Amino acid sequence: MSPGHYLALSAILFTIGALGVLVRRNAIVVFMCVELMLNATNLAFVSFSRMHGELDGQIIAFFVMVVAAAEVVVGLAIIMTIFRTRRSSSVDDANLLKY
Amino acid sequence: MSASLAAGHVLAGQVADKQSGEPFFFWLLAAVSVCAALGMIFMRKAVHSALLLATVMLSLAALYALQDAPFLAFVQVIVYTGAVLMLFLFVLMLVGVSSTDSLVETIRGQRLWAGIGALGFVALLAAGLGNAALGDSTGLKAANADGNVIGLARLLFKNYVFAFEATSALLITAALGAMVLAHRERVEPKPTQRDLSKGRFLSGDHPGPLPGPGTYARHNAVDMPALLPDGTPSELSVNPIIAARTDTVERHSDLLGETEEEAAGQDVAAVRAVTARAEDAGAESRVVKAGTQAAGGPAAGTDAEGEAGQ
């Protein structure tokens with residue numbers, strides 16, 4: 001299998017994630033779509049690592065995972081706080097900055 | 001000379017990089033992950049989305065393993081499927097499993113334009129990939145000669161050691177941030193049992209538990225209101241969620257009859273049938289216990305009940 005196949009799969013998954021971020025209204029699902037985009041880029045990094053025969057790509061994918069884990073913790077805590085005060089997890093309801 | 005060396009290197013890489021059965025697993029995992037990802041963004045319930053995301057992540061872990069990255073494959077399973085997705089599911093449970101998206105578009109044509117934008121983005125990436133001279137992969141046989149984990153550790157603790165230290169600072173900050181965000185300050189003292197009891201009685205509402213459904217009614221299903229002593233149904237006795245169901249009347253039409261008289265007639269018939277059976281049983285017992293003085297008791301009782309029913 002050439003790296004092109006893996007990169008194409010990574011591009012498709014990234015686009016699906018981006019589409020989900022644009023289309024969905026539930027903040028938690030939007031967050032899951034962001035995770036999907038991060039995972040798709042990880043697949044691209046691993047493919048590049050194999051293509052070049054160096055392990056640097058895998059190291060970067062590892063760092064992406066660490067940052068994603070930290071991001072999930074803080075993001076879900078923010079979603080919980082907003083849900084506590086507004087009783088809603090829809091991204092449309094958090095619009096105070098709009099006016 | 002150098003060109004032939006490079007060609008030989010690439011050839012060796014191709015041979016070294018060959019993995020048996022890779023195309024089969026690649027296409028299988030690609031189909032599974034793309035279908036699961038599409039399902040994730042089209043499922044209405046957030047829990048279904050989370051489970052489909054788990055599928056995508058597990059197939060990505062298998063794809064890492066297929067590409068000579070066993071350490072990342074395990075980290076993917078443990079960190080993403082094990083920790084991150086469980087966190088998602090916990091938050092979903094706290095927020096409410098039934099939370100579904102509203103289908104109202106706040107920006108007109110947003111879905112359509114998002115779809116068009118996604119198609120355009122895929123076309124852009126495909127054009128970029130098609131134009132790039134990717135060549136064939138070198139393979140990780142040489143880099144993984146001492147083992148994948150040892151190779152990664154060498155890089156991580158030599159070239160990337162500063163990024164590694166910065167990561168620890170990031171993780172501590174994230175943990176602190178989660179604690180600060182999840183903390184709720186109590187601004188008033190916790191109410192004691194005495195305060196709660198006082199509040200219950202001072203509010204003037206009914207302080208005790210609500211009546212149960214079906215009490216004294218002709219049927220004791222949970223959707224039948226209890227009858228008060230004067231025969232009127234009590235609205236308090238039925239759970240409002242059950243009372244809001246629309247098909248209750250249809251499901252009890254056989255029980256209620258078309259009109260009230262019909263239903264009452266059915267009731268009277270049922271009571272008569274019961275008393276007739278009791279009379280028969282009484283007659284049998286009279287036959288068995290012939291000559292005893294108490295034999296007339298049950299018969300007199302059923303007669304009285306039959307009159308009351310009429």
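All of (1) of a type in the set (V, I, T); (2) over 22 Å from A:T15 (Cα atoms); (3) within 18 Å of the chain's Cα centre (by Cα) hold for A:T81 with one exception: (3). Screening the candidates B:A127, B:A133 for the property of being farther than 30 Å from A:V74 by Cα, outside any helix (DSSP H, G or I) and over 35 Å from the mean Cα position of the chain (by Cα) yields one hit, B:A133. For the condition modelled with pLDDT of 90 or more, assigned to a helix (DSSP H, G or I), surrounded by fewer than 16 Cβ atoms within 10 Å (Cβ to Cβ) and not aromatic (F, W, Y), what is the one hit in B:I41, B:I116? When all the criteria are applied, what remains is B:I116. B:A182: surrounded by 12 or more Cβ atoms within 10 Å (Cβ to Cβ), of a type in the set (A, V, I, L, M), farther than 14 Å from A:V67 by Cα and under 34 Å from the mean Cα position of the chain (by Cα), yes or no? The answer is yes for B:A182.
Scoring B:R108 on the criteria (1) at the interface with another protein chain (Cβ under 8 Å from one of its Cβ atoms); (2) of a type outside the set (F, W, Y); (3) in a loop (DSSP other than H, G, I, E, B) leaves a single failure, condition (1). Among the residues making up region B:147-193, a single one is facing chain A (nearest Cβ under 8 Å), under 21 Å from A:L76 (Cβ atoms) and part of a loop (DSSP other than H, G, I, E, B): B:R184. Is one or more of the residues making up region B:84-93 surrounded by fewer than 18 Cβ atoms within 10 Å (Cβ to Cβ), more than 7 Å from every other protein chain (Cβ to nearest Cβ) and over 22 Å from B:V34 (Cα atoms)? Taking every residue of region B:84-93 in turn, at least one turns out to be surrounded by fewer than 18 Cβ atoms within 10 Å (Cβ to Cβ), more than 7 Å from every other protein chain (Cβ to nearest Cβ) and over 22 Å from B:V34 (Cα atoms).
Scan region A:20-38 and give yes if some residue there is within 10 Å of A:A61 (Cα to Cα) and either among the polar types (S, T, N, Q) or surrounded by fewer than 23 Cβ atoms within 10 Å (Cβ to Cβ) (or both), otherwise no. Yes, that holds for at least one residue. Please indicate, with yes or no, whether at least one residue in region B:56-68 is facing chain A (nearest Cβ under 7 Å), under 19 Å from A:L13 (Cα atoms) and either part of a loop (DSSP other than H, G, I, E, B) or touching a Gly at 6+ places or on another chain (Cβ under 9 Å) (or both). Scanning region B:56-68, I find at least one residue that is facing chain A (nearest Cβ under 7 Å), under 19 Å from A:L13 (Cα atoms) and either part of a loop (DSSP other than H, G, I, E, B) or touching a Gly at 6+ places or on another chain (Cβ under 9 Å) (or both), so the answer is yes. Name the residues in region A:18-34 that are facing chain B (nearest Cβ under 7 Å) and part of a helix (DSSP H, G or I), would you? Correct list: A:A18, A:L19, A:G20, A:L22, A:V23, A:I28, A:V29, A:M32, A:C33. Taking residues in region A:84-99 that are touching a residue at least 60 places away in the same chain (Cβ under 8 Å), and partners anywhere that are in a loop (DSSP other than H, G, I, E, B) and surrounded by 14 or more Cβ atoms within 10 Å (Cβ to Cβ), the pairs with Cβ atoms closer than 6 Å and at least 6 places apart or on different chains are A:S89/B:S99; A:S90/A:R25; A:V91/A:R25; A:D92/A:R25.
Does A:V64 satisfy the condition of being surrounded by fewer than 18 Cβ atoms within 10 Å (Cβ to Cβ), in contact with a helix residue (DSSP H, G or I) (Cβ under 6 Å, 6 or more places away or on another chain) and within 29 Å of B:A62 (Cβ to Cβ)? Yes; evaluated as a whole, the condition is true for this residue.
The values are calculated or read from the model by the stated rules, or taken from the named source; none is laboratory data. Just so you know, these numbers come straight off a predicted model, no measurement behind them. Cβ coordinates were reconstructed from backbone atoms using ideal geometry, including for glycine residues, and neighbour counts include every protein chain displayed.
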